[in-house]
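Once you've had a glance at the structure underneath, I'll fire off some questions.
The values are calculated or read from the model by the stated rules, or taken from the named source; none is laboratory data. In this text, all values refer to a predicted model and were calculated from it rather than measured experimentally. Note that we place each Cβ from the backbone using ideal geometry, even for glycine, and neighbour counts take in every protein chain shown. Protein only, heavy atoms only, side chains kept; ligands, DNA and RNA dropped before computing areas. Shrake-Rupley method; radii C 1.70, N 1.55, O 1.52, S 1.80 Å.
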Amino acid sequence: MPISRLARAALILGSAATLTLSVAACGGTGTSAGDGKTVTVYSADGMADWYKPEFAEFTKQTGISVNYVEAGSGEVVNRIDKEQSNPQADLVVTLPPFIQKAAKQNLLQDSGVDTGAIAAGDKDPGGKYVTLAGNYLTFIANPSVHTDGLTWDDLLKPEYKGKLQYSTPGQAGDGTAVLVLLQQLYGKQGALDYLAKLQANNVGPSSSTGKLQTKVDKGELLVANGDIQMNLAEIKNNGAKFSLFSPATADGKRSTIALPYVMGMANRAPHHDAAAKLMTFLLSADVQKTLGPDAMAVSARTDLKDAPAGTPSPASYLKDVTVVTPDWNKVLDDLDSDVTAYQKATGS
């Protein structure tokens, strides 16, 4: 008889207990170092509804509770940086290029976790980070907007003035991806020229992409940026009515950026062993199989290429859309200067 998911993981990870899950955006979050009963996760927003049952299962199996802190993609890395003298986080989950930034600043360590099932292109050769869930940049629109054939140039029209917002490049992963995608499509200067024009319609900065979803759903905004996983999860879990689309260039071609959630172990993690157990658990085949149906995301495990997808499938939003996978280390090298140029061009 095949061994059950619970029994198999329990043999590896230990005994049962009750979940402790806290969600916060600021303030102290750590627990006593070395207690072995708690692990603290700093994560970019978008995955909370998937985390909750998985963290509960992990706690049931191991007796290790999970303290969860959610913030914008760049903010979670900034917090780890600020807390170096008194480390709070054990694991960090964020989007590129912020995970690469964390590694470059020595904010991450080799976890020692077996990542053999993850494709080489989806992990750091030095073991400092690994893709947790595949994801892609998208845009969302209020139901009143007809998105078929909607182009980047259409978003410059006066009807979107004060009704369009995108998260801030350099602060949010999705917002940074908007800048990177436009650079891929129009070149660096062309991207700046376009965003300078778009600024006339832009509501203003936002460090979190997730906060834009409710505004679009309610009609406060007509268009905002997002990512496929987060937006489909919002539709599934909360009944959001917005639609997803990828703006087209003048020739009708649509493109997006691969934008995965990537996980790493914080340098000097207070609960290293507990954190390693949680990483192993989240990367296991049994847990990764739930990414499609439960999180509307895609597993990076090579043995789960044919795993069931969510309904609707993330892949359905990539039909006839070119997926761009940039060199995120190169993006990171240029990020400061690119953000400075962006701020100058947009007056932000």
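Between Ala117 and Asp320, what is the FRET efficiency for a Förster distance of 22 Å, r being their Cβ-Cβ separation, to the nearest 0.05?
Using R0 = 22 Å, I get an efficiency of 0.15.
List the residues, sorted by chain then number, that are 5 or more residues from Tyr68 or on another chain and whose placed amide H is less than 5 Å from its amide H.
So Tyr68 has HN proximity to Ser22, Val41.
Just to check I understand the Karplus step: with θ = phi - 60° and J = 6.51 cos²θ - 1.76 cosθ + 1.60, what whole-Hz values come out for segment 336-348, glycine and proline as x?
4, 5, 5, 5, 4, 5, 4, 4, 5, 5, 9, x, 9
Report, ordered by chain and residue number, the aspartates and glutamates lying within cross-link reach of Lys241, taken as a straight Cα distance under 15 Å and ignoring same-chain residues fewer than 8 apart.
Cα-Cα hits under 15 Å: Asp217, Glu220.
Work out from phi, with θ = phi - 60° and the Karplus expression 6.51 cos²θ - 1.76 cosθ + 1.60, the ³J(HN,Hα) of each residue of segment 93-110, listed in order in whole Hz, and give x for Gly and Pro.
Taking θ as phi minus 60°, the curve returns 10, 8, 9, x, x, 6, 5, 5, 4, 4, 5, 5, 8, 6, 8, 10, 10, 5 Hz for segment 93-110.
With r defined as the distance between the Cβ atoms of Lys241 and Gln184 and R0 fixed at 25 Å, what FRET efficiency is calculated, to the nearest 0.05? Before the final figure, lay out each step's value.
Numbers: r = 31 Å, r/R0 = 1.22.
Between Lys241 and Gln184 the formula returns 0.25.
Also, I was wondering about something else. Mind checking which lysines have their C-alpha under 26 Å from Lys305, skipping anything on the same chain fewer than 8 residues away?
Hits, sequence-local ones excluded: Lys52, Lys123, Lys128, Lys236, Lys277, Lys289, Lys319.
Another one. Output the 0 to 90 degree angle, nearest 10, between the alpha-carbon long axis of helix 48-62 and the longest principal axis computed from the alpha carbons of the chain.
Helix 48-62 sits roughly 10 degrees off the main axis of the chain.
Mind checking the angle between helix 173-198 and the chain's longest principal axis? C-alpha axes, 0 to 90 degrees, to the nearest 10.
It is inclined by approximately 20 degrees.
Residue by residue through segment 210-224, which ³J(HN,Hα) values in whole Hz follow from phi under the Karplus form 6.51 cos²θ - 1.76 cosθ + 1.60 (θ = phi - 60°), with glycine and proline marked x?
x, 5, 7, 4, 4, 5, 6, 4, 7, x, 5, 10, 8, 9, 8
Next question, about the same structure. Kindly report, to the nearest 10 Å², the accessible surface of Arg268 as traced by a 1.4 Å probe over protein heavy atoms only.
Looks like 140 Å² after rounding.
May I pose another question? Computed FRET efficiency, Cβ-Cβ of Lys218 and Thr302, R0 35 Å: what is it to the nearest 0.05? Let's see the in-between values first.
Working: r = 41 Å, r/R0 = 1.18.
Plugging the Cβ-Cβ distance into 1/(1 + (r/R0)^6) gives 0.25.
Using a Gaussian network for the chain with springs between C-alpha atoms less than 10 Å apart, which of these wobbles most: Asp338, Asp227, Asp90?
Result: Asp338 has the largest fluctuation of those listed.
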